[in-house]
Amino acid sequence: MSPNPYENEPGFENANSSEDKKAQAQYVAKIRHETLRISIIQRLEDYMGIHSDGVVDDFPALEESAEPRSEYDVEPTPPAFEPFKDLCKRRFLWYYDSYLISIDEAEKAVRPNQNFTTMPFEGGGNTMPGKFNYPELRRRLQLIHAVLYREIDYWAEEGALQVRKDTTTASQLGRQFQQIVESYKKNDMVTLDLDLVDRNPFVWLLTYFGRPMTNLDGGMFRIKIAISPRFPEEQPRVIFETKMFHHRVSKNGVLCYFPKRPDELKYHIEAMIHAIEDTDPPYDPRTLVNPEASKLFWGSPDDKKVYNRQLRRAVQRSME
C-alpha cells in the first residue's frame, strides 16, 4: 500500500503525470475533509446527542429519589454496546488542537462550498461528491468540545447525587481516595496533595509540586480529576487548571497518560505523575497532544532548549 491514496486505486499505481500530481493533491484534500467530517465529527455528534441544526440533547434528568420498580414495570432498553465510545471522547479531547490546526491549514487552499474534484477513477456508484466547508467543520468541532466539557460537569452532579444516596460506588471511591492519600504521605519521591472538590469523591483536585533538581522544580500545578459514576467503563478526564506548557498536556490543559491498570485509580495517579516527569520517553505518536510543544520536544537540540525554557516559564508562572 502506498501512503498516497491516489496510487492505491487500481490502474493508478504508477500515475505520475503533471495532471495526476494535481489530481493527487485534490484527492488527498477531499479525503482529509471527509475524514474530519465523518470519522471524527459525525461520530462524536452521535455520541453526544448533537443534531445537524446544532441543537444538543439534554443530559438525563437526575432524580433524588426514584419509585421502586415492580414486577410489572417494563425494563428500560439497554444502551447500544459501544466499546470505543469513551475512547473516542478522550482522544477527541487530546487531539482537539490538532484538528483545528488541520482545518486552519486546509481551508487556505479551498473556498467555502467549493465542489470536490471528481477523480478519473470515480464513476457509477463509486464516487465521493461533496463540498468543502471548513468554517462549518470548525463550528461543529467547537460545539463537540463544549459539550464534552458539559459532560464533565454533569458527572460531578451525578456523583454528588450518589453521595447523597450513599451508593456503593460513592463509598468505594471515597475509600480509594483515602487509601491513595495515605500512600502518598509515606512516599518521599513525589510531593502532592489530594483533595475532594465539595467533598465529592467523583471530583478530585491534585496539587503537584515539581520534583527538585528538574525543570519542574518549584512549580505548583492544580490538576482536576473528573471521575464518572460509570468508572472504569468511562475513564477519568484529567485537566490542568494551572496553565502548563508540556508535550503531554494539550493547550486546553488535558493530560495524556496511560495507566497500567485502567480499573484502579492509584494506577491513574502514578501514570499522571510519570507522564509529567518523564524527561526521556520513547517516541509515541499517541502522545502528540500539544503540536507546538511536541514539535520542540522532539526537534533538534536547539528546539529542545526552547522547549525547556518554555516549560520553566510555565513553572515560574505557577508560583506567581
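Numbers for the structure displayed
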read-out	value
Top-ranked residue of the range 90-123 - restricted to ones that are without any contact (Cβ under 8 Å) to a residue 60 or more places away in the chain and open to solvent by less than 80 Å² (accessible area, probe 1.4 Å), ranked as farthest from the chain's Cα centre (by Cα)	Gly123
Some residue of the range 188-196 being touching a helix residue (DSSP H, G or I) at 6+ places or on another chain (Cβ under 7 Å), under 30 Å from Glu19 (Cα atoms) and in a loop (DSSP other than H, G, I, E, B)	no
Boolean, Ile225 is assigned to a helix (DSSP H, G or I) and either open to solvent by 60 Å² or more (accessible area, probe 1.4 Å) or at pLDDT 95 or above (or both)	no
Subset of the range 305-316 that is without any contact (Cβ under 8 Å) to a residue 40 or more places away in the chain and either open to solvent by 60 Å² or more (accessible area, probe 1.4 Å) or of a type in the set (Ser, Thr, Tyr) (or both) - its residue that is farthest from Gly210 (Cα to Cα)	Lys305
Single condition Cys256 does not satisfy, out of (1) surrounded by fewer than 18 Cβ atoms within 10 Å (Cβ to Cβ); (2) at pLDDT 95 or above	(1)
Boolean, Met319 is surrounded by fewer than 13 Cβ atoms within 10 Å (Cβ to Cβ) and in contact (Cβ under 8 Å) with a residue 60 or more places away in the chain	yes
Among the residues listed as Phe258, Phe245, the single one being over 30 Å from Phe84 (Cβ atoms) and under 19 Å from the mean Cα position of the chain (by Cα)	Phe245
Residue, most open to solvent (accessible area, probe 1.4 Å), within the range 194-216, restricted to residues that are of a type in the set (D, E, K, R) and at pLDDT 95 or above	Arg199
Of residues in the range 132-145 being in contact with a strand residue (DSSP E or B) (Cβ under 9 Å, 6 or more places away or on another chain) and part of a helix (DSSP H, G or I), the one surrounded by the fewest Cβ atoms within 10 Å (Cβ to Cβ)	Leu143
Criterion violated by Phe240 - all others in (1) without any contact (Cβ under 8 Å) to a residue 60 or more places away in the chain; (2) more than 24 Å from Ala314 (Cα to Cα) satisfied	(2)
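Yes or no, residue by residue, for (1) among the charged types (D, E, K, R); (2) touching a helix residue (DSSP H, G or I) at 6+ places or on another chain (Cβ under 6 Å):
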{"residue": "Tyr267", "(1), (2)": "no, no"}
{"residue": "Ile273", "(1), (2)": "no, no"}
{"residue": "Leu296", "(1), (2)": "no, yes"}
{"residue": "Lys304", "(1), (2)": "yes, no"}
{"residue": "Asn308", "(1), (2)": "no, no"}
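The values are calculated or read from the model by the stated rules, or taken from the named source; none is laboratory data. Here the structure is a predicted model, which means the values were calculated and not measured. Here Cβ is always computed from backbone atoms with ideal geometry, including for glycine, and neighbour counts include all displayed protein chains. All accessible areas refer to the heavy atoms of the entire protein, side chains included, with ligands and DNA or RNA removed. Shrake-Rupley method; radii C 1.70, N 1.55, O 1.52, S 1.80 Å.
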